[in-house]
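K.L.:
This is the structure I have questions about; it appears just below.
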Amino acid sequence: QRSVSLLRTAALTVVLNIYRVDDPGLRAFIGKTDNQVIFFKQIGQLMQDQMNQLLGYVLTAAESGYEERGQMDSTIQNFQDQLFYLQDVFDLGITSLSSALTDYLVDHFILPSLIDTLTAWHEPTRLAVAV
């Protein structure tokens, strides 16, 4: 798990450094919708997986006697790292990239992961599917 996290961090750092290069050709390439969707999909899926893990830990914490606390802390740290990374992407000041990332995260992470999960509390059968 730790080596996967380190590898992911290194890869994201490389991508962030590529975004920092102020070259018109490179900016045109990374600005293409297809290229952005590939990257955003990976980030969004990772965050959604981590959110689902956290929800699972929270829902089973009382039953497990909080034995999974270390795993939960690790998942929280990884999720927080992803949020810091997203902030770094937004801080680049590339308006088209920031706008596309925001749209993607709202449609593919915030609405399905957060809003649907919160509304599932009122529908117990949906909650079982969400976890």
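K.L.:
Please determine, by comparing only the residues of the stretch 24-63 that are free of Cβ contacts under 8 Å to residues at least 40 places away in the same chain and hydroxyl-bearing (Ser, Thr, Tyr), which one is farthest from residue 93 (Cα to Cα).
P.N.:
60
K.L.:
Regarding the stretch 55-76, can at least one residue be identified that is closer than 17 Å to residue 111 by Cα and not small (Gly, Ala, Ser)?
P.N.:
Yes - at least one qualifying residue is present in the stretch 55-76.
K.L.:
State which residue pairs qualify: first residue over 15 Å from residue 46 (Cβ atoms) and inside the stretch 2-17, second residue open to solvent by 50 Å² or more (accessible area, probe 1.4 Å) and among the basic types (Lys, Arg) in any location, beta carbons under 6 Å apart, and separation of 6 or more residues or different chains.
P.N.:
Pairs that qualify, where the first residue is over 15 Å from residue 46 (Cβ atoms) and the partner is open to solvent by 50 Å² or more (accessible area, probe 1.4 Å) and among the basic types (Lys, Arg): there are none.
The values are calculated or read from the model by the stated rules, or taken from the named source; none is laboratory data. Nothing here was measured: the structure is a model prediction, and the numbers come from that model. Please note: Cβ atoms are built from the backbone with ideal geometry, for glycine as well, and neighbour counts cover all protein chains shown. The protein model used for the area step is the full one, side chains on, heavy atoms only, and it has no ligands, DNA or RNA in it. Shrake-Rupley method; radii C 1.70, N 1.55, O 1.52, S 1.80 Å.
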